[in-house]
Structure formats: C-alpha cells, structure tokens
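One structure is given here, and the rest of the page talks about it.
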Amino acid sequence: MSTIKRVQQWATFARIWHIYDAAWQNPFESAKLLRKYLMGMHKPIYHPLNDCGDHVIVINSKDIALPGDEWKKRVYFHHTGYPGGASWTLAWELHTKDPTLVLKKAVYNSMKGNLQRRYTMERLHIFPDSNIPENIMKNVSNQLQQLRPKPTRLDSYDEKYVKEFPKIIDYPKDYILR
Amino acid sequence: MVFTSIVNFVRSRGPDEFWRKRKVFRLAAHYIGRRRNCYSIAIKNVHRALVYATKGRKLKKLDMADLWTTRIRAGCEEHGIDYFTFKECLARENVFLNRKSLADLACWEPYTFKSLADIAKQRAADDGLNCLNRIENSDHILSKMLKNKK
C-alpha cells in the first residue's frame, strides 16, 4: 500500500440503506440498535455534529413482540392542548390503529431530544408488512441481524416433516391428546 | 483621578467604579439587549457564564472521552470484535495506546486500525476468548426478496 492510499477512504459520507426485519422482535431493544445506525454511531467518523447517519428500512412491524403483558399495560399519552384534551391509548389499541407507531415511538424516545432528532427520524422507514415500494427496495445494501432468532411455529412446518420427525415413544391408541 | 478637595478624595475611596464595571462589560460585550448595557443585569449573566465555563471545562473532557469510545467501538464492530475484547487483547499484547490515539486511528487511518484489530483478534483466538463468534444471519430475507424481485 502506498503512502498516499494509506489513509484513503472512498465514499465515507455515503448513506447506506439497511433493512431490518422486526418480526418477533422487542421494539424497545430494537430501537437501540436502529438508533445506532440512524445516527451513524456505527461509523468511526461519528461526531454529534457530523451528518453521517444511514437509512434504515424496518419491515414486518405489525409482528413486533412486546415483553410480558406490555400490550395491556403500556399506555401512550396524548394531549390536544385544550381543557379535557388528554387521552390515554393502550399499546394494543395503538397497534391496531397503526402497526408502525409503537416501533416509531420507541425509536423516537430512545434518542435525545435535540434539533437533529426529527431529521434523524426522517431516515427511518417503517412498513407494517414486507411489501416495500420498488424505488426504496433497490437502495438496500445491508441487512441488520435480528436481536433474537424468529422461532418457527409448529403449524408452519409441512405435515410430512412433522410426521417423519424422530420421536421417542408412540402414544398408546387409547391415549387422548388434548 | 484628580481630587480638588480632601472631601472628594474621602468619598471616592475604594475601587474606581468605572474601571471595575468595565471589566464586567468587557465579558458581556457579545450579549444582546440590556444584558450588555445595564450593569446589574450584565453582572448576573456574566457570573452565570463563568459558572458554565468552569463546569464546561470538565464536561468537555467527558464529552471527548465519550466520543473516542463511540468511535473505537464503531471501528471494532467493523472488524468483528467487541470493544472490551479489543482493549483487553491489546493490553495483553503490550499495546498501550490510549483511547484518544485509538479513536484517531479508527477515524483517520482505518488500515492501521484494522491491523490493530487483527492483532487483537489473533490474541483473542490464541487465548481462547469466546467473544469472536459472530452469528451469521440465519434467515436471508434480503436475498429472498431480491430473488423475488427478479
């Protein structure tokens, strides 16, 4: 390597598009991961005043998994500004109204409240399912790893695979499966 | 100052008011509104600014240390090693670069930083540290989607 090229870095300030599958993921833990990529904290050139954040596309946001009983217990507060304008929405209600909002708010709240936050949020594209517009999908060049593996449910295996799966015992014929 | 009588000399004892206030007004020169023109308002703001400056000297050092850590962590993750393993392994290899120099290398000399990361990774492998196992993506959504597109 020549002396000049030792410090050469091509396309350092280029914006990269990442894709993240939110199915079966905790949105509050995912928010920390997404924040890192949106703010550009995964690059060694990071500086708070340096506009080096990337785009992140989140798919399957309708399949997020909240921990414990948070669907029932987590409450989102809104106030219209008028007297009596307060309203409290449960997480599951918010999710039925808009399946992207829980994740969006999680990412928004995971960032510090400064002037840059709203511009950073502009780089987050959330989709409730995996149907992404062609013009957005063609930019993608990286996939973010899911925080936890997505389990496969028994009904999603094909019947033959389940039937031929090795087993220890056969149930007796008069055994009632419930 | 010239005193024509002993009475005026007695009355004007103590520090000279104009020069005393001027020192404060110099510090408030870049403020706007009455904060730079009225002494009683200027002095409050100058005091507050000096307190901020005192605190800021400490905060600046903390902010820079945070920035260095963020940059080194980002550099380490590019090369598939986590920050703590990286630091530990460099220490075991007797590479005692401080965080400032490591952050400078990560930012400005990526190839030099890569060689440091390679040293750390080799050491981690030699010492049997179980921190290098990067789990590959189990489901390839991206490749699936690209396949569907074609």
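The values are calculated or read from the model by the stated rules, or taken from the named source; none is laboratory data. All of these numbers come straight from a predicted model, not from anything done at the bench. Glycine gets a Cβ as well: all are built from the backbone with ideal geometry, and neighbour counts include every protein chain shown.
Tell me whether the stretch A:61-72 contains one or more residues that are within 21 Å of the chain's Cα centre (by Cα), free of Cβ contacts under 8 Å to residues at least 12 places away in the same chain and over 25 Å from residue A:136 (Cβ atoms). Yes. State which residue is nearest to the other protein chains (Cβ to nearest Cβ) when the search covers only the stretch B:105-119 and only residues that are crowded, with 19+ Cβ neighbours inside 10 Å and of a type in the set (Gly, Ala, Ser). So the residue we want is B:106. Residues in the stretch A:1-27 that are among the hydroxyl-bearing types (Ser, Thr, Tyr), part of a loop (DSSP other than H, G, I, E, B) and within 11 Å of chain B (Cβ to nearest Cβ): A:12 alone.
A quick yes/no check of all residues on (1) within 13 Å of chain A (Cβ to nearest Cβ); (2) touching a Gly at 6+ places or on another chain (Cβ under 8 Å); (3) of a type in the set (D, E, K, R); (4) not in a helix (DSSP H, G or I):
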{"residue": "B:70", "(1), (2), (3), (4)": "yes, no, no, no"}
{"residue": "B:77", "(1), (2), (3), (4)": "yes, no, yes, no"}
{"residue": "B:81", "(1), (2), (3), (4)": "no, no, no, yes"}
{"residue": "B:91", "(1), (2), (3), (4)": "no, no, no, no"}
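Quick check on residue A:90: is it surrounded by 14 or more Cβ atoms within 10 Å (Cβ to Cβ), more than 28 Å from residue A:17 (Cα to Cα) and free of Cβ contacts under 8 Å to residues at least 24 places away in the same chain? Considered against the rule, which asks whether it is surrounded by 14 or more Cβ atoms within 10 Å (Cβ to Cβ), more than 28 Å from residue A:17 (Cα to Cα) and free of Cβ contacts under 8 Å to residues at least 24 places away in the same chain, residue A:90 comes out as yes. Quick check on my filter: what residues within the stretch A:39-76 are part of a loop (DSSP other than H, G, I, E, B), surrounded by 14 or more Cβ atoms within 10 Å (Cβ to Cβ) and acidic (Asp, Glu)? Selection gives A:54 alone.
Taking the conditions exactly as written (facing another protein chain (nearest Cβ under 9 Å) and either assigned to a helix (DSSP H, G or I) or at pLDDT below 90 (or both)), does residue B:102 satisfy them or not? Judged against the criteria, residue B:102 is not a match. At least 3 residues being out of contact with any Ser or Thr (no Cβ under 9 Å at 6 or more places or on another chain) is the threshold, and among the strands (runs of 3 or more DSSP E) wholly inside the stretch A:77-178 those reaching it are A:86-90, A:140-143. Residue B:97 fulfils the conditions (1) surrounded by 11 or more Cβ atoms within 10 Å (Cβ to Cβ); (2) part of a helix (DSSP H, G or I) except for a single criterion, (2).
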